Amino acid sequence: MFMHLAAFTAKDKRAVWLRGHFIESREGERPAGKMKRHFSTEEALEMVMQPLSTTELQESSEEDTSFDAESNTEWSLESSISESASDPSSESEEDIEDPAHLNSEWTAKNGQVWSPSHSKTLRYIQAPSGMIAGPTRYAITRIHDVASSFDLFFTPDMIQLILQMTNLHGRRSVSGWSDVDETEIRAYMGLLILAGVYRSKGESTRSLWDDQNGRPVFRATMSHKRFQLISASLRFDDRLTRPCRHKEDKLSAFRNMWDKWVQRLPLLFNPGENICVDEQLVPFRGRCKFRQYMPSKPAKYGLKIWVTTDVATSYAWRCQVYTGKPAGGAPEMGQGKRVILDMTEGLKGVTVTCDNFFTSYSLAQELLRKKVALVGTIRANKPELPPRLKQTKGRAVFSSLFAFTNTTAAVSYIPRRGRNVLLLSTKHREPAVHQDEKQKPQIIIDYNHCKGGVDNLDKVVSTYSCRRRTSRWPLVLFFNCIDISAFNAFVLFTAVVPSWNQQRTYRRRLFLEELGKSMVSSEIVRRRHPPRTAAAAAMVVDLQAPVAAHTETTDTAIGTTATRKRGVCWLCTGLKKRSSTTCIKCNRCICREHQVTCCRACWSA
């Protein structure tokens with residue numbers, strides 16, 4: 001505020017001392033506000049020409065350097081003038097604040113200077129991501145049905161890796177081992193998915209194959225003994241060469257399979273503008289060198305996996321297993337920053353939401369250089385936060401205090417007495433507060449909207465999980481890969497075919513049930529001996545209806561007649577029957593009694 005002095009002429013700058021405040025006036029300047037009292041020419045000259053003491057000069061210079069228009073908006077020059085007129089000899093020391101105290105409240109321990117005003121904060125402009133959110137063109141062109149969407153995550157080379165290592169271990173350890181082929185391993189995975197659909201992850205396999213209380217599809221697909229044999233022999237690497245690889249990599253028993261699987265996740269889906277990075281704890285209490293204890297999780301013990309998800313769909317876009325610190329090495333410093341940079345590599349124009357384990361000021365600036373914004377809670381012991389934000393004494397409930405730099409905003413919110421919540425954001429640049437009962441800042445509202453991406457993934461995966469009780473951690477990771485792949489396949493399929501069961505509220509359960517049945521149908525079709533129970537046998541008969549009528553001269557494929565060479569049916573055990581019909585897969589002769597028929601969709605599945 002400037003004071004207007006009537007008839008005051010001076011070329012140089014003049015100082016007017018009123019109640020300990022230093023006010024400057026220049027010739028010809030108009031005051032910013034109206035004054036209740038106007039001074040005459042004689043009074044003004046007398047006040048200007050009155051000499052100041054040494055103490056008053058020091059106080060006036062300190063007041064001038066520490067004056068901040070933003071923090072002194074409530075100070076009124078009018079009330080100061082009226083008080084000085086009534087008691088000229090009184091000195092008010094309450095209006096004079098220590099500039100060193102003000103600077104210390106907004107300066108962090110590491111020297112980072114904050115401001116309570118956002119006047120110098122730059123406006124946030126979101127960079128273009130360069131990709132369209134949703135399934136990629138690669139995925140869209142390859143999705144035709146439910147099974148094809150799941151096959152995108154378990155490619156033929158991954159299946160061959162499982163077959164090669166499983167058969168290698170089976171030949172070494174199991175007498176009379178019969179090799180597992182692709183159809184059988186897919187049927188094994190289909191049974192795991194169906195067990196998850198029926199909420200049987202904690203149920204014994206004996207009860208699943210029980211002739212009274214079990215599900216017919218399990219007996220119709222394979223015997224209980226064969227299922228247990230495959231589970232016991234399932235391997236993903238050569239056990240004899242593992243010790244030398246384990247010295248360098250704790251995940252060596254599952255590394256090849258894991259690397260092939262995680263490469264498929266970002267290839268099939270582009271995340272939207274909001275992503276979430278958090279940890280997932282896969283329950284496991286067996287022996288494992290990198291097993292973690294997390295008391296905040298329901299399982300408490302398990303394998304920790306860093307996961308990046310799309311907030312809109314909870315699609316798992318990137319995963320990374322945490323294997324602990326290196327053998328004989330020191331704990332990793334700045335782990336949260338390293339994880340966020342790894343899990344967001346290749347992204348731009350998005351906003352990352354994370355919790356206080358990851359958030360730091362240096363991480364926010366590093367992400368900004370990569371055109372990625374950050375919103376997250378931050379711990380109060382971070383040295384980059386100003387002391388003013390950490391104070392809760394005397395603050396009202398539901399009040400917010402903001403602090404700003406050129407590119408970052410921090411907020412301290414009081415949800416209840418004596419408790420404050422600290423958040424850091426490079427996306428929000430203004431002190432916006434939601435006008436409702438609790439008056440939450442916009443930063444907190446956006447954080448609450450996006451923080452549950454990984455938590456929602458955990459919830460939906462655990463609802464229909466295919467996990468089985470095991471003491472081998474590679475199997476635990478394999479089951480988790482199936483669960484996440486099944487959910488990601490559901491996200492892709494419903495995005496490509498949005499009209500599929502659109503009116504149903506349990507679309508995912510229908511998707512998993514159809515997926516599991518399509519994966520076991522090929523194994524049921526080629527089954528040699530029907531199961532003993534009536535329900536399972538009826539299911540096999542329905543799929544094994546006659547493939548074609550027994551004919552000797554009719555060629556239905558080309559519509560011509562020809563004489564075929566007759567041979568002995570290789571499936572007949574008693575009286576050998578001769579037939580000219582051959583299997584379309586193995587090309588061996590088969591009689592009418594051992595022929596099956598199925599539609600084109602079931603056969604391709």
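The values are calculated or read from the model by the stated rules, or taken from the named source; none is laboratory data. Worth saying up front: this structure is predicted, and the values here are computed from it rather than measured. As a convention, Cβ positions derive from the backbone with ideal geometry for all residues, glycine included, and neighbour counts pool all protein chains shown. Just so you know, the surface numbers come from the protein's heavy atoms only, side chains and all, with ligands and any DNA or RNA stripped out. Shrake-Rupley method; radii C 1.70, N 1.55, O 1.52, S 1.80 Å.
Among the residues of the stretch 495-506, at least one is touching a Ser or Thr at 6+ places or on another chain (Cβ under 7 Å) and closer than 30 Å to Arg137 by Cα.
Residues in the stretch 120-136 that are farther than 26 Å from Phe404 by Cβ and of a type in the set (Lys, Arg): none.
When Phe511, Phe490 are checked against the criterion of being open to solvent by 30 Å² or more (accessible area, probe 1.4 Å) and at pLDDT 95 or above, a single residue qualifies: Phe490.
When Gln280 is tested against (1) closer than 30 Å to Asn456 by Cβ; (2) polar (S, T, N, Q); (3) in contact with a Ser or Thr (Cβ under 9 Å, 6 or more places away or on another chain), exactly one condition is not met: (3). Going by the structure shown, is Thr359 surrounded by 14 or more Cβ atoms within 10 Å (Cβ to Cβ) and closer than 20 Å to Ile305 by Cα? The answer is yes for Thr359. Determine if the stretch 448-457 includes at least one residue that is open to solvent by 60 Å² or more (accessible area, probe 1.4 Å), assigned to a loop (DSSP other than H, G, I, E, B), farther than 18 Å from Phe153 by Cα and in contact (Cβ under 8 Å) with a residue 40 or more places away in the chain. Yes, the stretch 448-457 has at least one match. When each of Phe290, Phe284 is tested for being over 20 Å from the mean Cα position of the chain (by Cα) and surrounded by 16 or more Cβ atoms within 10 Å (Cβ to Cβ), the lone residue that passes is Phe284. In the stretch 263-279, the residues that are in contact (Cβ under 8 Å) with a residue 60 or more places away in the chain and among the β-branched types (Val, Ile, Thr) reach residues that are part of a loop (DSSP other than H, G, I, E, B) and crowded, with 19+ Cβ neighbours inside 10 Å with C-beta atoms within less than 8 angstrom, at least six apart or across chains, in these pairs: Ile275/Val311; Ile275/Thr344; Ile275/Leu347; Ile275/Val350; Val277/Thr344; Val277/Phe358. Examine the stretch 289-312 for a residue that is part of a helix (DSSP H, G or I) and either in contact with a strand residue (DSSP E or B) (Cβ under 8 Å, 6 or more places away or on another chain) or within 30 Å of Ser178 (Cβ to Cβ) (or both), and state whether such a residue exists. No, the stretch 289-312 has no match at all.
If you go through the stretch 362-382 and pick out every residue that is open to solvent by 10 Å² or more (accessible area, probe 1.4 Å), within 21 Å of Gln442 (Cβ to Cβ) and in a helix (DSSP H, G or I), you end up with 1. For the stretch 99-133, filtered to residues that are β-branched (Val, Ile, Thr), in contact (Cβ under 8 Å) with a residue 40 or more places away in the chain and in a loop (DSSP other than H, G, I, E, B), the residue that is nearest to Asp310 (Cα to Cα) is Ile132. Going through the stretch 424-440 one residue at a time, which ones are within 27 Å of Lys348 (Cα to Cα), touching a residue at least 12 places away in the same chain (Cβ under 8 Å) and not polar (S, T, N, Q)? Leu424, Lys427, His428, Arg429, Glu430, Pro431, listed by residue number. Restricted to helices (runs of 4 or more DSSP H) entirely inside the stretch 134-234, those with at least 1 residues that are crowded, with 19+ Cβ neighbours inside 10 Å and in contact with a Cys (Cβ under 7 Å, 6 or more places away or on another chain) are 182-197.
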